Each structure stands twice: as structure tokens, then as C-alpha cells.
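Okay, so here's the structure we're looking at.
Taken together, the values in this text are just the output of simple stated rules run on the coordinates, not laboratory data. Quick caveat, the model's predicted, so the values are computed rather than measured. Cβ placement follows ideal geometry from the backbone for every residue including glycine, while neighbour counts extend to all protein chains displayed.
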Amino acid sequence: MDNLLKPFISSLNLIEEKINFIIFLFEISFILLIVLLIIWIYGFVRRNLGIDKQTKELQKIRKIIEKNYKK
């Protein structure tokens, strides 16, 4: 009886391993997606609050230009 079920059990084990691998790949891709989303949100907030370097430099340039035109 065991000899008859061995191929069936081994194929079930193989299917289980493949399913576990697919679930693992989904978990990894989900984690990467979450990390990228967090990085995007961080950059978005920095840009919109004016905290990043480019915005600070643009504000300095704007002040210098305003000083030149007010004179």
C-alpha cells in the first residue's frame, strides 16, 4: 500500500513546495512594494513641505531676486 501512495505523496509534496515558494515570492514583492511606497511618501512630504535642498535653494534665489528688483 505504501508503494502505491509514494508517487502521489511525493507529487503532493512537490506541489506544496511550489505553493510555498510562490507565497514567499508574493511576500517579498509585497515587502518591496511597501518599502518603495514609504520612500515615495517620504520624498513627497519633503518636497511639498519645502524641506529638501532644491526647495531651500530656490527660496534663497527667490529672496535674492526680490531684493534686486525692490531696489
Positive dipole terminus of region 2-70, leading residue within N20, Y69, G50 (C-beta point charges):
Y69
Cα-based helix-to-principal-axis angle, 53-70 vs the chain, degrees rounded to 10:
20 degrees
The chain, dipole about Cα centre (Lys/Arg Cβ +1, Asp/Glu Cβ -1), debye to the nearest 20
1360 debye
Need the list of lysines near K53 for cross-linking: C-alpha distance under 18 angstrom, and skip anything on the same chain fewer than eight residues off.
K63
The chain - mean residue ellipticity at 222 nm from DSSP helices (-39,500 (n - 2.57) per run, n ≥ 4, rounded to 500):
-34000 deg cm²/dmol
On a 0 to 90° scale, report how tilted helix 2-49 is relative to the longest principal axis of the chain, with both axes built from alpha carbons and the result rounded to the nearest 10.
10 degrees
Here are labelled values, (1) 28.9, 100; (2) 14.8, 50; (3) 12.4, 38, and one is the computed Rg and Dmax of the Cα atoms in Å for what I pasted. Which one?
(1)
